[in-house]
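The values are calculated or read from the model by the stated rules, or taken from the named source; none is laboratory data. None of the values given here were measured: they were computed from a predicted structure. Cβ coordinates were reconstructed from backbone atoms using ideal geometry, including for glycine residues, and neighbour counts include every protein chain displayed. Protein only, heavy atoms only, side chains kept; ligands, DNA and RNA dropped before computing areas. Shrake-Rupley method; radii C 1.70, N 1.55, O 1.52, S 1.80 Å.
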Amino acid sequence: MPRFCYYARAETTGNEHVNLDFSDEQKLLGDQVNKMLSDSDSVTAARRLVEGSETGYDTEIWRQMQELGLTGCAIETQYGGLGLGDLELCVISEAIGRHIAPTPFFFSICMAARAIQLFGAEEQKRTHLPGLASGERIATMAIAETPGAVSQKRIRTRFGGGVLNGRKIGVCDGMSADFALVMAQDEGGSVGLYLAELGDTQRSPQKSLDPSRPVACIEFSDTPAEPLGSAGWDDIQHIRDRAAVLCAFEQVGGAEACLEMARNYALERKAFGRQIASYQALKHRMADIYILNTLARSNAYYAAWALSTDAQVLPSAAATALLSATEAFDFAAAENIQIHGGMGFTWEFDCHLYYRRSRALGVILGGTGSWQRKLISALRAQNSTAVA
Amino acid sequence: MDFNDTQQEAEFRVEARSWLEGNKPERSAADERIGGEESYLRAAKAWQKRKYEAGWACLHWPKEYGGRGASPMERIIWGQEEGKYAALSGPFAIGQGMCGPTLMGYAIEEHKQKYLPPMASGEHIWCQLFSEPGAGSDVAGLSTRAVKDGDEWVINGQKIWTSGAQFSDYGILLTRTDPDVPKHKGLTMFWIDMHDDAVEVRPIKQASGASGFNEVYFTDLRVHDSQRLGAPGQGWEVALTTLMNERLAVGDAPGPDFNEIFDLVCDLPDENDNPLVEDGRVIEHLARWYCQKSGLKYTKYRTISALSQGKTPGPENSITKIVSAAKLQQISRFAIDALGISGTIRDEFEGNEDNPALPFIDGFMGAPGLRIAGGTDEILRNIIAERVLGLPQEVRVDKDKPFSQL
């Protein structure tokens, strides 16, 4: 696979020559995943979870992802993966978003496996990565404990004497995951990530806005755990920044699916003797969706570059991509229902599945306000280094 | 994704840069503007001539017409390298970007040979005469009449919103030659001499107080048939060619952007003497503008990427003007608000030497025009909806009726 490189001079000159696009191989991979998810009727699989006729995740889709090597694509070959990179995760994430695929890919592969790769001790990598790469084992992240933004101070889960104690809420794939990276404070009060098997914990599913991404509450009570390398608060923020880029790609995929649904319906449906797609009120609405989607995609591409090269601008690029994609998907999902009219508000139509997913993705890594503050702080920091 | 020049592109960039290094103008466009329109025009023409003589004018034009026969990618590289000096090319943009390609497509060979090189060198400035008082967004509804008289056409009527007409030597003019067919079918394009006595240019004073646009009146203007561009009745098709050539000319709104409002709110205190930039409401706005600015920048990069790979760019750039003009309006309004009453004061006063309000006041007064000129927000949304998303046109009651019966 061609690598991503950047020969730009200082950002402000505007003189960079750029190739801000995925390679043909990466696009082909995206097409392949899109086809697989479309052939497996992924949206209907998501519906089964929303309707409660299935729990956890769609095992058939997951099996196909294993077969295609998607689960291991960004994991090094010595740990059983294919040794590709972040850009491949981007195109896979976009396809998952487009088809709202109910799989544990985001937390298990994009976040937990990435965290172990970046911050785990060698022994931990050898123990945990092969299972994640093959997709036979599933990991998740256990972060939130209370309503509102996550802060170091408000993490009450404690690690000490080799065990964890505390309670985590809204843990995605919490019922299906074999193990989790748990955010907890050690005896000295520092926050870190701890690896814990979930088999012996008390877990209960939580009803949620988007049941196609099921969440659970997990009680840790003297649960054996070990620190993930020496990962601290800043490292956790780095993992979150990286994940934000991939989340943005999921959102971009979802937002584009909404625009297509809206367009197709508006072309089919007639009112007052003509296609409703011929009314400016609807055309302009769809143009506005297109505008936000385009901005979001472009921001996501730049963040993909920052991600794949571990650029210094990653924190601001990731925040920009996530904020832009959150706004785009929120708007596209809501207006998709509006353009469908009453039909869009029925259980039977798929619009609400995307509407649910859009809001869930918007908070999965923390809410908009938190990312806006993060973005502006990052830009102020960049400014003061530029001046100094 | 990679961000490298190909070897050929890199060599071109080095060549462009070294020429610019040795030949760049002494003063920026902004400095030249201080001396008024005449001195700005003089500087612009001098810079254009210097570029032309060294083969750096109208890069994408064929060499025989004064261009360089360069690839789209080389044109972009030149644009990046020319950077701030490109603002001195403003007076030639409409001619070289729109009139030139239209002449190339439809003028007789003799006229191409005669008029294109001086257009490239900046000796002649051209303007585009399309809009009328009664035909703005619906420009095909125009009523300036051209009537055939032997080898000549006699033209009467009025155009409006003509940028640069006050200093233009020539123009391309869209007229109605047959009112008895539906409006799109009865139009014909000509090129005309703006110095003809039958042409009268009157500047329009804009809401902002500036005068960049004009009204242009034609009273029995006689034009030889050889100056016709395209067949009689083919004018609409010719006009679309002209407008399509604007595809690469991405319309970023000129004026204060994210960096300017960001610097302002970092400096300004609120009533509790905290920097405004720490206020949640301010942060929310800043973050949104940053996402827009960054999204437009990387959208442009994606277009360049497609060109660089020899592919046809997608329609992404159609969003640029809608987003940037609205952003300019919001940022300017917000800045004036943040400055309080001093945000409305144009003068410098003691303690306010480098008046921070000025660019925002100009942005505030300029933005409404930007949202209209070159396609209103609404027309541009129609274009996205119809050409990009493939949605049907609104029902048009006038489409099949002869113009004379409307």
Note: among A:Asp241, A:Asp200, A:Asp235, just one is at pLDDT 95 or above and surrounded by fewer than 22 Cβ atoms within 10 Å (Cβ to Cβ), namely A:Asp235
Evaluate the range A:86-104: report whether one residue or more is open to solvent by less than 50 Å² (accessible area, probe 1.4 Å), more than 27 Å from A:Asn34 (Cα to Cα) and touching a strand residue (DSSP E or B) at 6+ places or on another chain (Cβ under 8 Å). no
Can you give me the ranges of the helices (runs of 4 or more DSSP H) entirely in the range B:308-406 with at least 3 residues that are within 26 Å of the chain's Cα centre (by Cα), more than 30 Å from B:Ser143 (Cβ to Cβ) and within 13 Å of chain A (Cβ to nearest Cβ)? B:320-339
I'd like the residue in the range B:29-53 that is among the aliphatic types (A, V, I, L, M) and more than 25 Å from B:Gly66 (Cβ to Cβ) and, out of all such residues, is most open to solvent (accessible area, probe 1.4 Å). B:Ile34
What number of residues in the range A:363-388 are more than 14 Å from every other protein chain (Cβ to nearest Cβ) and crowded, with 20+ Cβ neighbours inside 10 Å? 2
Within the range A:315-338, can you find the residues that are surrounded by fewer than 24 Cβ atoms within 10 Å (Cβ to Cβ) and in contact with a Lys or Arg (Cβ under 8 Å, 6 or more places away or on another chain)? A:Pro315, A:Glu327, A:Asp330, A:Glu335, A:Gln338
Only listed residue being in contact (Cβ under 8 Å) with a residue 24 or more places away in the chain, surrounded by 24 or more Cβ atoms within 10 Å (Cβ to Cβ), on the phi < 0 side of the Ramachandran plot and part of a loop (DSSP other than H, G, I, E, B), chosen from A:Ile75, A:Ile109: A:Ile75
Yes or no: the range A:133-144 includes at least one residue that is crowded, with 17+ Cβ neighbours inside 10 Å and in a helix (DSSP H, G or I). yes
Name the residue, out of B:Gly105, B:Gly67, B:Gly97, that is out of contact with any Phe, Trp or Tyr (no Cβ under 9 Å at 6 or more places or on another chain), within 27 Å of B:Phe190 (Cβ to Cβ) and open to solvent by less than 20 Å² (accessible area, probe 1.4 Å). B:Gly97
Taking the options A:Ala257, A:Ala287, name whichever one is among the small types (Gly, Ala, Ser), buried (at least 24 other Cβ atoms within 10 Å of the Cβ) and more than 19 Å from A:Thr368 (Cα to Cα). A:Ala287
Pairs only if they're at least six apart or on different chains, beta carbon under 9 angstrom, first in the range A:225-246 and under 21 Å from A:Thr326 (Cα atoms), second surrounded by fewer than 17 Cβ atoms within 10 Å (Cβ to Cβ) and not acidic (Asp, Glu); list them, first residue then second. A:His238/A:Leu118; A:Ile239/A:Leu118; A:Arg242/A:Leu118
Reported set for the range A:296-314 where residues are open to solvent by 10 Å² or more (accessible area, probe 1.4 Å), assigned to a helix (DSSP H, G or I) and free of Cβ contacts under 8 Å to residues at least 60 places away in the same chain is A:Arg297
Note on A:Tyr355: of the conditions (1) more than 29 Å from B:Asn317 (Cα to Cα); (2) open to solvent by 10 Å² or more (accessible area, probe 1.4 Å), unmet is (1)
Give the residue, chosen from B:Leu221, B:Leu286, B:Leu264, B:Leu229, that is in contact (Cβ under 8 Å) with a residue 12 or more places away in the chain, touching a Phe, Trp or Tyr at 6+ places or on another chain (Cβ under 9 Å) and closer than 30 Å to A:Phe22 by Cα. B:Leu286
